[in-house]
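Some notes on the structure that comes next.
The values are calculated or read from the model by the stated rules, or taken from the named source; none is laboratory data. The shown structure was predicted, so the numbers you read here are calculated from the model rather than taken from an experiment. Cβ atoms come from the backbone with ideal geometry, glycine included; neighbour counts cover every protein chain shown. The accessibility values were calculated without ligands, DNA or RNA, using every heavy atom of the protein model including side chains. Shrake-Rupley method; radii C 1.70, N 1.55, O 1.52, S 1.80 Å.
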Amino acid sequence: MGPAYDVLVVGAGCAGMRAAIEAHDRGARVAVISKLHPTRSHSGAAEGGINAALGNTAEDSPEKHAFDTVKGSDYLGDQDAIEIFTAEAPGDIYQLEHWGCVFSRNDEGRLAQRPFGAAGSPRTVYAADITGHVLIQVLYEQLQKRMAEGLVVFEESFAFRLVEEDGRCTGVVCWDLLRGGVQVITGSAVILATGGAGRLFRATTNAYACTGDGMAMALRLGLPLKDMEFMQFHPTTMYPSGILITEGCRGEGGYLLNKEGERFMKRYAPNALELASRDVVSRSETTEIEAGRGINGSVMLDLRHLGAEKILNRLPGSRELAMTYAGVDPIYEPIPVRPGAHYHMGGVSCDNWGLTPLEGLYAAGEVACVSVHGANRLGGNSLMETITFGRRAGQAAAEYAVASPASANGHAEAARADAEAWVKGLLGVTEGERPWQIRDELGQSMLDNFGVFRRAEKMEAQEEIVAGLRERYARGVVIEDKGDVFNSDLTQAIELGYLLDVAACMLQAGIARKESRGAHSRPYDFPDRDDERFLKHSISTWRDGAPELSYQEVRMTQWEPMERTY
Ligand SMILES: Cc1cc2nc3c(=O)[nH]c(=O)nc-3n(C[C@H](O)[C@H](O)[C@H](O)COP(=O)(O)OP(=O)(O)OC[C@H]3O[C@@H](n4cnc5c(N)ncnc54)[C@H](O)[C@@H]3O)c2cc1C
């Protein structure tokens, strides 16, 4: 018997839904698998906007957008991928608009565009400061329309393994969160769109669901992960909750102040100031805080001079978040902020159509590393990547699956039996520690030892800590809930295993990268970028239960690395 579907999409955030829509429209029988209801996916939390060179506010072009992205990536982005990205982005924005995205408009009635960090022109399209919410609702409407035409959504279904048969990916093993029990869903192609892994760090903007599941599933199948050491720290996450305050606040003119009331970015980035790239602003803030010029481990984001009208019109969500979670109204008081783990530039290595080295397996969105963002992502480029590369992965997977359907799924039954025995084993552990103990230690120690600034001895200590945590995890953790319905105790224990594997890859790659590039900053031993030795991607592959490191050339088209100026 052939597979149940042509294309399976694991994940229903912006990348997954965009991929599923495209695959369906190209004639594939599509099923979407998501551990959350689609509209609860983390993409919905995105605030500030989405980048495309429309040129509505000032002159702009895809070439300028590409150059800014290459420079922002600290030259680690693959330039052919970046050129495709910036050339196709405007068309994708207009399509979203035609589908019903209520983007904010300028006085001429065109789509408004705001300045974002390290962008040479105001090119961030936005819907006030709830851009992700608007995108996810519109994509879900489009998905629902196609559900009436046969597209299937397995929502609240937790994927935990990929099925490989004769060198091809032919299915996904899931745990049914609603009813309990293992399901094997078969397909001729699979697209991973499971998002990032920010939950590796205690201070993060990422939701509880961002646990690197897709990266770890691919890794365990022998697939390479790329540039895993690069975790972006966003400069304005609120103290103490870690909730994001969008870069749009600085785009609209917000200042960063230290405890002396000084606008300290004048010293670190005299030209770009608060709109320098995120790695630069996060490092500047951390330097201020470590030098004792912070307040409670934070600096202040001051919007007061923007005036009530602008704050209420352009940044209403940020104001509400600040009032609810920091107890300050930004119309009258500055918001305490500090850097927090935000976006993983690394991910499953794939080509410009999302294809991984395993036939039939594709990746798109934050789980993937194409690589558009290299060592540092520009604000607004991630949402755009989910849409443009989600669409491309959907197209490529559909064309492949329809042209070469998988002939058999002989492995599905064996995969089910194996997975059922494995889950039974997990639930059978009665003595040992609870998973959250390991998870808390992992999150705190990653923040302490692998944060904004990286020191060799701390990274090495962290590698040992993670090895120890992995050993403790392997000895067995106790899942107290033995039930079938919404057993989040079980799924969180599985997610912890993913986080530990991903952390091991990040540390190995970080220790070996003896330079400072983008989000990987080693000011104490290797303060400079070293293009001679490290203008290359780190590749992490799983061998005998541990990561193995190798390197891959960066694809360059027209931009040679230049000195960074701020
Ligand atoms: C607070 C915040 C604000 C941001 N603001 C911006 C912004 O303004 N502009 C910008 O460009 N970028 C922004 N970003 C980044 C951007 O939002 C994300 O990188 C992007 O939305 C990720 O989309 P995704 O579709 O790849 O993943 P997600 O939206 O995280 O979706 C992942 C999906 O995978 C599913 N999933 C995960 N694991 C499993 C599993 N094991 N089984 C089944 N399903 C699974 C989840 O249910 C979910 O549906 C922001 C990020 C954060 C955290």
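Here are the numbers for the structure shown:
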| quantity | calculated |
| --- | --- |
| Subset of region 54-65 [touching a residue at least 40 places away in the same chain (Cβ under 8 Å) and surrounded by fewer than 24 Cβ atoms within 10 Å (Cβ to Cβ)] | 54, 55, 56, 57, 58, 59, 60, 64 |
| The listed residue being open to solvent by 40 Å² or more (accessible area, probe 1.4 Å) and either more than 20 Å from the chain's Cα centre (by Cα) or not basic (Lys, Arg) (or both), out of 201, 154 | 154 |
| Residue 72 being within 13 Å of the ligand (Cβ to nearest atom), modelled with pLDDT under 95 and open to solvent by less than 10 Å² (accessible area, probe 1.4 Å) | yes |
| Any hit, region 550-558, residues being assigned to a strand (DSSP E or B), more than 17 Å from residue 346 (Cβ to Cβ) and at pLDDT 95 or above | no |
| Residue match in region 323-333 (condition: under 22 Å from residue 257 (Cα atoms) and buried (at least 19 other Cβ atoms within 10 Å of the Cβ)) | yes |
| All positions within region 224-269 that are open to solvent by 20 Å² or more (accessible area, probe 1.4 Å), within 16 Å of the ligand (Cβ to nearest atom) and of a type in the set (Phe, Trp, Tyr) | 239 |
| Helices (runs of 4 or more DSSP H) enclosed by region 360-451 - at least 1 residues per element that are more than 16 Å from the ligand (Cβ to nearest atom), free of Cβ contacts under 8 Å to residues at least 24 places away in the same chain and within 30 Å of residue 517 (Cβ to Cβ) | 435-449 |
| Inter-residue pairs, beta-carbon under 9 Å, first in contact (Cβ under 8 Å) with a residue 60 or more places away in the chain and in region 454-476, second hydroxyl-bearing (Ser, Thr, Tyr), 6+ apart | 454/516; 454/521; 454/524; 455/524; 456/524 |
| Residue 83 being open to solvent by 10 Å² or more (accessible area, probe 1.4 Å) and without any contact (Cβ under 8 Å) to a residue 24 or more places away in the chain | no |
| The lone exception for residue 278 - which of (1) among the basic types (Lys, Arg); (2) open to solvent by 10 Å² or more (accessible area, probe 1.4 Å); (3) modelled with pLDDT of 95 or more it fails | (3) |
| Those residues of region 15-39 which are touching an Asp or Glu at 6+ places or on another chain (Cβ under 9 Å) and either under 23 Å from residue 204 (Cβ atoms) or within 11 Å of the ligand (Cβ to nearest atom) (or both), in sequence order | 15, 18, 32, 33, 34, 35, 36, 37, 38 |
| Filter pass, residue 192 being of a type outside the set (S, T, N, Q), buried (at least 24 other Cβ atoms within 10 Å of the Cβ) and more than 30 Å from residue 302 (Cβ to Cβ) | yes |
| Close pairs from region 1-23: first within 19 Å of residue 150 (Cβ to Cβ) and in a loop (DSSP other than H, G, I, E, B), partner within 15 Å of the ligand (Cβ to nearest atom) and among the polar types (S, T, N, Q), Cβ under 7 Å, at least 6 apart | 12/34; 12/41 |
| Within region 144-247, strands (runs of 3 or more DSSP E) holding 2 or more residues that are under 30 Å from residue 330 (Cα atoms) | 231-238 |
| Members of region 191-223 that are among the basic types (Lys, Arg) and either near the ligand (Cβ under 7 Å from one of its atoms) or more than 14 Å from residue 356 (Cβ to Cβ) (or both) | 199, 202 |
| Residue that is surrounded by the most Cβ atoms within 10 Å (Cβ to Cβ), among those in region 281-294 that are part of a helix (DSSP H, G or I) and charged (D, E, K, R) | 285 |
| Filtered residue count, region 421-440, keeping only those that are of a type in the set (A, V, I, L, M, F, W, C), within 17 Å of residue 470 (Cβ to Cβ) and either more than 31 Å from the chain's Cα centre (by Cα) or exposed (fewer than 13 other Cβ atoms within 10 Å of the Cβ) (or both) | 1 |
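Let's see how each residue does on (1) more than 15 Å from the ligand (Cβ to nearest atom); (2) among the small types (Gly, Ala, Ser):
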| site | (1), (2) |
| --- | --- |
| 47 | no, no |
| 68 | no, no |
| 78 | yes, no |
| 81 | yes, yes |
